[in-house]
Amino acid sequence: MKKIHYLIPLFLISIFVSAQTMVFNVIEVKSKDYLESKMEEAYETCCKGMKPNKGGFALERIGKGADNGMTHRLVWYWEMGQDLWKGTNIDEKAPLWWAQMDNYVEEWGESYAGRVLTRQNGTNEDYKTMHIWDIKVDDPNQFKTAHEKIVKKFKEEFKGRWVAFGTYDINYPNGATHWVSLTGKNQNDLIMLYDKLQKQADFIELIAERGKSENVKDYLVRNIKSY
């Protein structure tokens, strides 16, 4: 196992504090066969009573688009400048959790971190599947402005969905500098949404307004458990 967990999640705290900016840290893992439930149980066993401060932790299953056989993502997210585990006994609980995880993880993959620059929070609990695009962006400010126009213009289509744009600041995955994410009920729900949007001229025009960008990869994840 890569000895990286002692860096989580404090190493991203910045002196440039913004209560509105969320930061995240992700570790990709390859689960041993049939042990996904054990990964969930490991957190329940040692850390169920721990309440993250102004953030959370999630276990996600990686679907289509997975790299190098990775099956899951461990995701920590919190308000920049805050201590995710403030008021908890993290030093006592964390070693037990990591020790259990070593029993259920066949391979530890990439770890990367970044910020959420703009977001619409998801309100529909049925939208547990997320489509993530990893991209290289020429002008992040231009992209962000156009992204926000799209969300505002098509507010009915995006109603209840998490839709966001952000950065990769540590260990750009596959060279990507930014990402876009969107939630839906499942793969079919997302494809039907894309079909509806792409038939509208206004949507195509606003996509072009984002400026020059390169799609590095895209993939699906599904939330299994979040705290």
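The values are calculated or read from the model by the stated rules, or taken from the named source; none is laboratory data. Everything numeric here is computed off the predicted structure, so don't read it as measured data. Cβ: placed from backbone, ideal geometry, glycine included. Neighbour counts: every protein chain shown.
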Out of Val163, Val116, Val105, Val151, sole residue that is more than 26 Å from Thr177 (Cβ to Cβ), in contact (Cβ under 8 Å) with a residue 12 or more places away in the chain, hydrophobic (A, V, I, L, M, F, W, C) and touching a strand residue (DSSP E or B) at 6+ places or on another chain (Cβ under 7 Å): Val105
Ile90 vs. criteria β-branched (Val, Ile, Thr), more than 22 Å from Thr177 (Cα to Cα) and either buried (at least 17 other Cβ atoms within 10 Å of the Cβ) or touching a residue at least 12 places away in the same chain (Cβ under 8 Å) (or both): yes
Some residue of segment 85-100 being closer than 17 Å to Tyr227 by Cα and of a type in the set (A, V, I, L, M): yes
Some residue of segment 198-220 being free of Cβ contacts under 8 Å to residues at least 40 places away in the same chain, in contact with an Asp or Glu (Cβ under 8 Å, 6 or more places away or on another chain) and assigned by TED's automatic domain parsing to the domain that holds Thr145: no
Members of segment 103-139 that are aromatic (Phe, Trp, Tyr) and within 21 Å of Thr21 (Cα to Cα): Tyr112, Trp133
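Rundown of residues vs (1) surrounded by 17 or more Cβ atoms within 10 Å (Cβ to Cβ); (2) outside the structural domain of Asn215 (by TED's automatic domain parsing), yes/no style:
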position: Ser31; (1), (2): yes, yes
position: Glu44; (1), (2): no, yes
position: Thr71; (1), (2): yes, yes
position: Pro95; (1), (2): no, yes
position: Tyr104; (1), (2): yes, yes
position: Ile135; (1), (2): yes, no
